[in-house]
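K.L.:
Pasting in a structure now, in structure tokens, and then I'll have a few things to ask.
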Amino acid sequence: MHVDLLEDRRDRGKEWGEARLLAFLDRADAMDVEALLEHLRWPSGRRPCVHCGFRRSYRMANAEAARLRFKCARCRKQFTARQGTLLERSNLSTARWLRAMSLYLTAPRGGLAARVRRETAMSYKSAWSVVDRLRDAPEDPILVQVRAILESDPPEGVGALLERSGRD
């Protein structure tokens with residue numbers, strides 16, 4: 001049975017990866033989506049400081065914040081997984097961004113902003129801005145990892161995270 005599932009996964013390629021990602025985004029809460037973003041941003045698990053590049057940082061404990069924050073052990077500055085990516089300085093939720101990335105990578109190019117607007121329930125102006133950012137940065141680290149998920153080759157640790165159900 002497991003072999004049949006793997007062969008079926010290879011046959012469907014992007015459809016299978018897209019279905020997994022969208023199913024995860026539908027059932028996950030904000031903290032699960034932020035954990036996915038952390039795995040996508042730093043697949044190796046190491047979180048280098050975005051300010052000084054030092055390789056040791058630690059996660060800050062804050063149950064109230066929707067976004068995970070980290071602090072560098074050397075320069076003591078705080079940073080998030082969004083810094084240095086397309087998501088930096090955006091008020092849109094991470095789930096909306098990931099859904100828009102999935103559409104960008106799988107949908108035909110014509111009318112993409114209108115489709116992103118419909119699928120993510122955002123204004124056309126916001127959808128156009130998101131699509132414009134995606135077009136301008138094809139080698140963004142998170143976009144590259146989402147492309148790997150859609151091609152059924154998720155980075156280490158992300159596959160298990162996608163299979164995990166939302167928190168009850």
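The values are calculated or read from the model by the stated rules, or taken from the named source; none is laboratory data. Quick caveat: nothing in here was measured; it's all calculated off a predicted structure. FYI the Cβ positions are ideal-geometry reconstructions off the backbone, even for glycines, and counts take in every protein chain you see.
K.L.:
Only residues that are β-branched (V, I, T) and in contact (Cβ under 8 Å) with a residue 24 or more places away in the chain: list them for segment 86-122, please.
P.N.:
T94, T106, T120
K.L.:
Right, another one. Restricting to segment 93-113, name every residue that is outside any helix (DSSP H, G or I) and of a type in the set (A, V, I, L, M).
P.N.:
Selection gives A107 alone.
K.L.:
Another question, then. Could you give every pair whose Cβ atoms fall below 7 Å, whose first residue belongs to segment 31-52 and is in contact (Cβ under 8 Å) with a residue 60 or more places away in the chain, and whose second residue is of a type in the set (S, T, N, Q), counting only separations of at least 6 or pairs across chains?
P.N.:
So the pair list comes out as V33/T94; E34/T94; L37/T94; L40/Q145; R41/T85; P43/Q145.
K.L.:
Here is a further query. If you go through segment 50-79, how many residues are within 21 Å of the chain's Cα centre (by Cα), assigned to a loop (DSSP other than H, G, I, E, B) and at pLDDT 90 or above?
P.N.:
Matching residues across segment 50-79 total 1.
K.L.:
Among the residues of segment 126-143, what is the count of those that are within 17 Å of the chain's Cα centre (by Cα) and either crowded, with 16+ Cβ neighbours inside 10 Å or in contact (Cβ under 8 Å) with a residue 60 or more places away in the chain (or both)?
P.N.:
Selection size over segment 126-143: 9.
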